[in-house]
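Note sheet for the following structure.
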Amino acid sequence: MTDFPSYWQNYIDGAFCDGGAGRITVDDPGTGAPLAQQACADARDVDRAVAAAQRVHLSGVLSDLRPVERGRMVQAMGRYLLENLEEIATVLTRESGKPLWEARIEVEGAARYFEYYGNQAETVEGRSIPLGKGYFDFTVHEPMGVSAQIIPWNYPLEMTARSLSAALATGNTCVIKTPELDPLSNTYFAKAAEAAGLPAGAVNILCGHGTEAGAALASHARVNQIVFTGSVATGIRIAEAAARNIVPCVLELGGKSAAIVHDDADLDAFVNDVRWGIYFNAGQVCSAMSRIIASDKIHDELVDRITGLAEGLSVGPGIERVAQGPNMAAMASLAQRDRAAAMVVQAQADGARCATGGRAMNQPGFFLEPTVLTDVTQDMQIAQEEVFGPVVSVLKFRDEAEAIAMANATPYGLVGGVFTRDLDRATQAARQIRAGQVFVNEWFAGGVETPFGGYGQSGYGREKGREALWNYVQTKNIAIKLGG
Ligand code: NAD
């Protein structure tokens with residue numbers, strides 16, 4: 001890409017188009033300056049997109065295909081992303097602020113979903129149920145129809161890829177509502193769908209304000225299934241809208257996830273996990289390691305080492321952070337950065353100690369220093385609420401029961417971790433931590449293959465893995481009375 005396009009359109013019914021609600025200005029978080037304009041959809045645009053998706057669904061052009069053929073198209077979309085990796089990663093970095101090397105990982109991660117679910121397309125099989133002589137009974141899994149997918153800004157590509165790939169593989173058509181802060185890179189899904197030969201209207205990508213386009217999509221009477229990834233407050237609205245139309249929804253919401261670190265843990269490996277767990281994507285990760293619950297026997301040493309890690313990160317514009325290394329870039333928006341900084345101030349007022357960082361950086365762009373808070377106790381806001389920034393809170397425990405109780409003492413339950421060489425201790429903790437995913441001795445262990453989703457206010461339903469396929473199909477039982 002030689003010149004960065006100044007205007008990006010929505011994609012409805014196989015055509016790029018303007019938005020009925022005008023345009024949204026997208027900022028470059030690395031500089032704080034406006035980057036480009038994005039077409040902004042209104043409720044009528046949403047209506048057009050849903051109508052197109054429904055038309056394609058009812059035509060059977062996707063759902064009647066032999067699954068392997070649908071799977072190949074899904075895989076081709078992933079290959080398109082990889083073939084255009086550098087261009088897409090550059091757009092993603094410019095609009096989201098993340099380091100270029102992290103953006104490349106995100107493009108690869110997005111492509112991986114299309115590879116995985118493309119492969120899964122032909123594995124969705126029913127079963128035959130014995131009803132005795134005189135009957136033949138079997139089940140089939142049919143696509144839901146129009147899948148509405150509402151995407152957050154922290155991983156705009158991967159979050160879309162996660163739901164879009166599985167929905168298409170199972171024969172659904174999709175309307176994607178992209179995030180206002182960084183919608184631009186989602187354009188490449190439209191191009192990928194065209195390159196893969198998907199029919200016009202099967203994939204619709206539009207940006208618009210959540211309260212207008214998002215709300216119109218979530219409440220649309222012709223939508224058959226909703227996938228939402230975002231905040232708890234919006235999740236509640238989505239669930240209400242889905243309930244009114246009696247359609248299922250998957251909610252992937254926030255987290256306040258804890259790593260329990262025992263005195264026999266491999267601290268070198270753990271500190272490396274902290275680097276990924278809380279400073280990757282500047283901590284704007286729903287499954288971030290936002291709390292460390294450390295044994296009192298290693299607490300002080302651990303705090304020293306994590307503080308050193310945080311202070312060793314070079315922070316600056318993502319576009320300059322080309323190679324993987326000890327670096328971090330901007331947060332996605334000024335509001336998000338200021339909110340995180342304010343939460344650190346509040347934590348200190350509540351009695352926490354800021355071992356390092358905590359301040360907005362004195363330079364253009366939306367930067368927050370990598371932050372370590374100690375002396376955090378369970379009752380503090382910082383221990384209960386999601387920061388969604390590069391801020392880790394360290395709490396101290398004396399025995400295992402206390403550690404588990406602390407880990408479970410938030411309304412969330414997305415992921416959790418336990419770090420120890422003692423297999424019994426790890427296994428007991430894994431059973432007791434109330435979360436959809438537990439990491440033992442490596443934060444973020446797992447992949448596209450492993451189911452992901454929350455307990456409690458972290459949401460319901462599972463994305464990733466084979467479990468996600470069931471979000472996009474409904475089971476039909478066919479019972480045949482045999483003659484003779
Ligand atoms: P958000 O809830 O503000 O927005 C998410 C999406 O919902 C955006 O596209 C937005 O436009 C849309 N939206 C907003 N109001 C809406 C409404 N009334 N009706 C329909 N759509 C509406 O969340 P965010 O700030 O973009 O994302 C951050 C949050 O997302 C964090 O809490 C984070 O933990 C969570 N998150 C969770 C996961 C996960 O998989 N569990 C992944 C990423 C982010």
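The values are calculated or read from the model by the stated rules, or taken from the named source; none is laboratory data. Because the structure is a prediction, the values reported are computed rather than measured. Cβ coordinates were reconstructed from backbone atoms using ideal geometry, including for glycine residues, and neighbour counts include every protein chain displayed. Heavy atoms of the whole protein, side chains included, go into the accessibility calculation; ligands, DNA and RNA do not. Shrake-Rupley method; radii C 1.70, N 1.55, O 1.52, S 1.80 Å.
Could you check the range 1-67 for strands (runs of 3 or more DSSP E) lying wholly inside it with 2 or more residues that are of a type in the set (S, T, N, Q)?
34-39
Residues checked against (1) acidic (Asp, Glu); (2) without any contact (Cβ under 8 Å) to a residue 12 or more places away in the chain; (3) closer than 27 Å to Glu95 by Cα:
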{"residue": "Gly308", "(1), (2), (3)": "no, yes, no"}
{"residue": "Leu313", "(1), (2), (3)": "no, no, yes"}
{"residue": "Ala332", "(1), (2), (3)": "no, no, yes"}
{"residue": "Arg337", "(1), (2), (3)": "no, no, yes"}
{"residue": "Ala341", "(1), (2), (3)": "no, no, yes"}
{"residue": "Gln346", "(1), (2), (3)": "no, no, no"}
{"residue": "Leu368", "(1), (2), (3)": "no, no, yes"}
{"residue": "Gln381", "(1), (2), (3)": "no, no, no"}
Legend entry - Flag if Leu206 is open to solvent by less than 10 Å² (accessible area, probe 1.4 Å), over 15 Å from the mean Cα position of the chain (by Cα) and not assigned by TED's automatic domain parsing to the domain that holds Lys396: yes
Legend entry - Matching option when the condition is aliphatic (A, V, I, L, M) and in contact with a strand residue (DSSP E or B) (Cβ under 7 Å, 6 or more places away or on another chain), among Ala288, Ala323: Ala288
Inset, instruction - Kindly indicate whether any position in the range 359-369 is more than 13 Å from Ala259 (Cβ to Cβ), in contact with a helix residue (DSSP H, G or I) (Cβ under 6 Å, 6 or more places away or on another chain), open to solvent by less than 10 Å² (accessible area, probe 1.4 Å) and not in a helix (DSSP H, G or I). - result: yes
Inset, instruction - Go over the candidates Val415, Val392, Val448, Val438 one by one and state the one that is free of Cβ contacts under 8 Å to residues at least 60 places away in the same chain and either open to solvent by 60 Å² or more (accessible area, probe 1.4 Å) or closer than 15 Å to Ser287 by Cβ (or both). - result: Val438
Inset, instruction - Kindly indicate which of Val68, Val74 is within 30 Å of Arg222 (Cα to Cα) and surrounded by 24 or more Cβ atoms within 10 Å (Cβ to Cβ). - result: Val74
Legend entry - Gly145 being small (Gly, Ala, Ser) and open to solvent by 10 Å² or more (accessible area, probe 1.4 Å): no
Legend entry - Positions within the range 395-412 being open to solvent by less than 10 Å² (accessible area, probe 1.4 Å) and either small (Gly, Ala, Ser) or not assigned by TED's automatic domain parsing to the domain that holds Arg291 (or both), in sequence order: Ala403
Inset, instruction - Kindly establish whether Gly456 is free of Cβ contacts under 8 Å to residues at least 60 places away in the same chain, out of contact with any strand residue (DSSP E or B) (no Cβ under 7 Å at 6 or more places or on another chain) and within 16 Å of the ligand (Cβ to nearest atom). - result: yes
